[in-house]
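The values are calculated or read from the model by the stated rules, or taken from the named source; none is laboratory data. What you are looking at is a predicted structure, and each value in this text was computed from that prediction instead of being measured. Cβ: placed from backbone, ideal geometry, glycine included. Neighbour counts: every protein chain shown.
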Amino acid sequence: MSTIPLNLQTDAVELPAPSLSPSIALEQALKKRRSWRSFLPDPLSLKLLSAMLWAGFGMNRPETGGRTAPSAHNWQEIDVYAVLPEGAFRYEPRGHRLALVKAEDLRKDTGTQDFVATAPLNLVYVANFSRMPDARPAEREFLAGADAGCIAQNVYLFCACVGLATVVRGLIDRQRLSAALGLGPTERVALAQSVGRAGAA
Ligand SMILES: Cc1cc2nc3c(=O)[nH]c(=O)nc-3n(C[C@H](O)[C@H](O)[C@H](O)COP(=O)(O)O)c2cc1C
C-alpha cells in the first residue's frame, strides 16, 4: 500500500482537506508528547499526512497567509519536505498540496540513525535564507532553527493526538541530505522529524 496517489502529469499531490477531528484535549496531548525511535514500516494514510502537514505549518489564516506555527518576522522561511518511500515532496501551504521533488526513496539520507531508512515518513525542515533578507548572518541559523522547532512541536502534539510516534532530529549529515534533495545555495537543512506507528521500545 502506498500513501501517495501521485499525478504523474503534474508531479503534484492534492491533499484532502485537513481534519483534526476527533481530537483530544491539549492537556492530554501534552501529557502524551514524547520522542520515540522505533517505527513500524506501515505507511500513513494521505488523510493523516494532510492533517499533520497542516498542523505542522499549514495556513490557518488564508486571508493574511498566516500559518499554524510562528516564524521570526513572519519570514516563513521554512519549507517542509515529506520524504516518503515513493519520493520526496515539498509542501505547498497555499494550495495545501505536495510538489514532487524527487521520485526516489531518500529516507536513508535524512539522518544518521538507522530507523530513518524504514520510518514511513521523515519530515525535513529546510530554511531558505533568501526569505530572511534583514537577518544578520550570525542570527539566521538561530532564528531558522527556532522556527523549525516551533513546527516540530506542532507535529509532536499532532502525533500525540492521533497516537503516532515521532522524534525530531538534529543528527543529520546536512551535506548529504542537501545534495539528495537538490537544495540551492540559499537553502539549509535545519531539522528532520521521523513519524510513524510506534515499533518495539
Ligand atoms: C533540536 C533537537 C534535536 C534533536 N535531535 C535528535 C536526534 O538527532 N536524534 C534523536 O534520536 N533525538 C533527537 N532529539 C530528541 C531529544 O533527544 C528528546 O527530545 C529528549 O531526549 C527528551 O525526550 P522526550 O522528547 O521524549 O521528552 C532532538 C530534540 C531536539 C529538541
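For (1) under 25 Å from Leu100 (Cβ atoms); (2) surrounded by 14 or more Cβ atoms within 10 Å (Cβ to Cβ); (3) aromatic (Phe, Trp, Tyr), each residue gets a yes or a no:
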| position | (1), (2), (3) |
| --- | --- |
| Asp11 | yes, yes, no |
| Leu20 | no, no, no |
| Pro41 | yes, no, no |
| Leu53 | yes, yes, no |
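For segment 115-125: of the residues being over 12 Å from the mean Cα position of the chain (by Cα) and within 11 Å of the ligand (Cβ to nearest atom), which is surrounded by the fewest Cβ atoms within 10 Å (Cβ to Cβ)? It comes out as Phe115.
Quick check: is even one residue across segment 174-187 of a type in the set (Val, Ile, Thr) and crowded, with 22+ Cβ neighbours inside 10 Å? The answer is no; no qualifying residue exists.
Name the residue that is farthest from the ligand (Cβ to nearest atom), counting only residues in segment 126-152 that are in contact (Cβ under 8 Å) with a residue 40 or more places away in the chain and outside any helix (DSSP H, G or I).
Keep residues of segment 126-152 that are in contact (Cβ under 8 Å) with a residue 40 or more places away in the chain, which gives 126-132, 134-135, 141, 143-152.
Restricting the remaining residues to those that are outside any helix (DSSP H, G or I) gives 126-128, 132, 134-135.
Numbers: Val126: 15, Ala127: 14, Asn128: 19, Met132: 19, Asp134: 25, Ala135: 19 Å.
The selected residue is Asp134.
Filtering segment 153-182 to residues that are under 25 Å from Ala72 (Cβ atoms), more than 13 Å from the ligand (Cβ to nearest atom) and in contact with a Leu (Cβ under 8 Å, 6 or more places away or on another chain) leaves Phe158, Leu181. Taken over segment 144-173, the criterion of being among the hydrophobic types (A, V, I, L, M, F, W, C), surrounded by fewer than 17 Cβ atoms within 10 Å (Cβ to Cβ) and touching a Ser or Thr at 6+ places or on another chain (Cβ under 7 Å) is satisfied by Leu171 alone.
Filtering segment 79-112 to residues that are farther than 14 Å from Ser50 by Cα and assigned to a loop (DSSP other than H, G, I, E, B) leaves Pro85, Glu86, Ala103, Glu104, Asp105, Leu106, Gly111, Thr112. Of all residues in segment 156-170, those that are touching a residue at least 40 places away in the same chain (Cβ under 8 Å) and charged (D, E, K, R) have Cβ atoms under 6 Å from Cβ atoms of residues that are outside any strand (DSSP E or B) and within 9 Å of the ligand (Cβ to nearest atom), 6 or more apart or on another chain, in Arg169/Gly111.
Just one of the listed residues (Leu48, Leu30) is within 21 Å of Ala117 (Cα to Cα), out of contact with any strand residue (DSSP E or B) (no Cβ under 7 Å at 6 or more places or on another chain), in contact (Cβ under 8 Å) with a residue 40 or more places away in the chain and not in a loop (DSSP other than H, G, I, E, B), namely Leu48. Does Pro22 meet the test of being modelled with pLDDT under 95, farther than 23 Å from Met132 by Cα and of a type outside the set (A, V, I, L, M, F, W, C)? Considered against the rule, which asks whether it is modelled with pLDDT under 95, farther than 23 Å from Met132 by Cα and of a type outside the set (A, V, I, L, M, F, W, C), Pro22 comes out as yes. Of the residues making up segment 173-186, none is part of a strand (DSSP E or B), out of contact with any helix residue (DSSP H, G or I) (no Cβ under 6 Å at 6 or more places or on another chain) and touching a residue at least 12 places away in the same chain (Cβ under 8 Å). Within segment 74-93, residues that are at positive phi reach partners that are surrounded by fewer than 24 Cβ atoms within 10 Å (Cβ to Cβ) and not in a strand (DSSP E or B) with beta carbons closer than 7 Å, at six or more positions or on different chains, in the pairs Gln76/Arg131; Gly87/Ala103; Gly87/Glu104.
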